[in-house]
1. Quickly run through region 131-141 and pick out the residues that are surrounded by 14 or more Cβ atoms within 10 Å (Cβ to Cβ) and assigned to a loop (DSSP other than H, G, I, E, B).
2. Got at least one residue in region 233-249 being in a strand (DSSP E or B), touching a strand residue (DSSP E or B) at 6+ places or on another chain (Cβ under 8 Å) and not assigned by TED's automatic domain parsing to the domain that holds residue 408?
3. If we keep just the residues of region 66-79 that are free of Cβ contacts under 8 Å to residues at least 60 places away in the same chain and surrounded by 13 or more Cβ atoms within 10 Å (Cβ to Cβ), which is farthest from residue 56 (Cα to Cα)?
4. From the list 315, 291, 304, which residue is touching a helix residue (DSSP H, G or I) at 6+ places or on another chain (Cβ under 6 Å) and in contact (Cβ under 8 Å) with a residue 40 or more places away in the chain?
5. Taking residue 253 as the residue in question, decide whether it is touching a strand residue (DSSP E or B) at 6+ places or on another chain (Cβ under 6 Å), part of a loop (DSSP other than H, G, I, E, B), assigned by TED's automatic domain parsing to the domain that holds residue 154 and modelled with pLDDT of 95 or more.
6. From the list 128, 165, 189, exactly one residue is surrounded by 14 or more Cβ atoms within 10 Å (Cβ to Cβ), within 19 Å of the chain's Cα centre (by Cα) and touching a residue at least 12 places away in the same chain (Cβ under 8 Å). Which is it?
7. Consider region 408-438. How many of its residues are crowded, with 19+ Cβ neighbours inside 10 Å and either under 25 Å from the mean Cα position of the chain (by Cα) or in a loop (DSSP other than H, G, I, E, B) (or both)?
8. Let me confirm something: among 162, 126, which residue is farther than 25 Å from residue 30 by Cβ and at pLDDT 95 or above?
């Protein structure tokens with residue numbers, strides 16, 4: 001899941017679908033399953049994908065199948081398998097996510113329908129029946145337009161007797177001093193509907209750019225953990241970002257996600273998959289240094305100025321340390337930079353990018369305000385010592401706090417050649433227990 005090979009187009013857009021029919025439009029979000037029992041009749045182990053197609057604003061679900069392990073897909077002759085229920089009104093009807101419910105011996109689909117999630121079931125992946133809905137507003141929670149639902153099981157604290165259902169979805173948290181991101185609830189799926197344990201959702205990532213999350217099973221640790229990836233972008237400014245015509249965001253790092261009890265609450269924690277370690281060069285490190293407002297005091301290693309790298313740092317606020325914040329100033333050219341760090345007083349990580357580079361200065365006022373907002377991630381563990389792992393790419397930064405109990409992910413637009421790295425405090429001193437830097441090697 002680190003090294004990828006381009007295999008060409010396997011599902012063509014804007015083609016008659018079915019081949020003898022009409023063009024159903026653009027192919028958008030969906031999901032794929034391996035039909036090991038041939039429930040759809042396309043052959044045992046056929047790969048079946050159900051995706052949203054949209055033409056003239058009408059969203060419908062179409063089925064494509066592959067009998068060559070996903071190298072090519074054929075449109076189903078009966079498309080669309082789920083026509084829009086009101087093609088004149090054109091309601092949201094998109095982003096199907098499918099899984100096999102072994103208890104009920106049928107497929108389950110979650111579908112984004114504006115301010116609610118619809119649940120449907122099928123025995124053959126072609127004919128679907130509505131069974132229920134989940135609507136956050138029923139619990140007094142307004143998350144705007146919902147997208148990309150994801151319903152799955154995961155073991156709490158690795159205990160299979162505490163298997164828990166998660167409903168995650170793309171949401172807008174502007175009413176709660178957040179932005180667009182991935183919200184989730186823990187709860188129960190009874191075969192027909194989802195019941196949340198709490199009315200208020202949690203969030204997988206507190207950064208501004210972690211949306212439309214897709215997760216899938218970890219076959220080596222089924223139910224113990226899952227893999228997940230998200231779209232790094234934000235609807236508040238996506239169309240106003242620099243280079244929009246050529247760059248519409250990117251995929252996040254692939255993460256391993258687990259459900260752990262933190263302060264009495266089941267909480268999703270995530271860290272990048274271990275395979276990323278293969279792409280980093282040997283690290284340069286220092287330890288037992290003092291951080292002050294003077295960057296020179298930390299005595300960081302020399303030649304840490306690559307475009308993509310990983311920083312691992314443990315920082316303490318010891319007795320006698322007067323500093324409150326540690327600040328890693330990255331992608332710096334002396335004028336512009338991005339700052340990531342940790343506030344020991346508030347027990348939270350933060351991301352500051354309002355001066356990340358000159359390219360974002362040209363954004364329109366509204367999108368620029370959303371982009372410039374300082375983002376924070378509360379650390380539920382707190383304490384006087386924090387461990388930060390910071391993945392810095394050419395156009396992004398992803399910060400993992402204390403093994404993923406808090407995460408911040410964001411796009412950045414540094415100036416060309418702006419690769420400086422410094423660590424400072426806000427005032428007084430802090431202790432840099434350990435620091436390592438490793439450059440990312442090419443993954444082509």
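The values are calculated or read from the model by the stated rules, or taken from the named source; none is laboratory data. Everything numeric here is computed off the predicted structure, so don't read it as measured data. Note that we place each Cβ from the backbone using ideal geometry, even for glycine, and neighbour counts take in every protein chain shown.
1. The answer is 135, 141.
2. Within region 233-249, not a single residue is in a strand (DSSP E or B), touching a strand residue (DSSP E or B) at 6+ places or on another chain (Cβ under 8 Å) and not assigned by TED's automatic domain parsing to the domain that holds residue 408.
3. Within region 66-79, the match that is farthest from residue 56 (Cα to Cα) is 67.
4. Within the list 315, 291, 304, the selection yields 291.
5. In short, yes.
6. It is 165.
7. 11
8. 162
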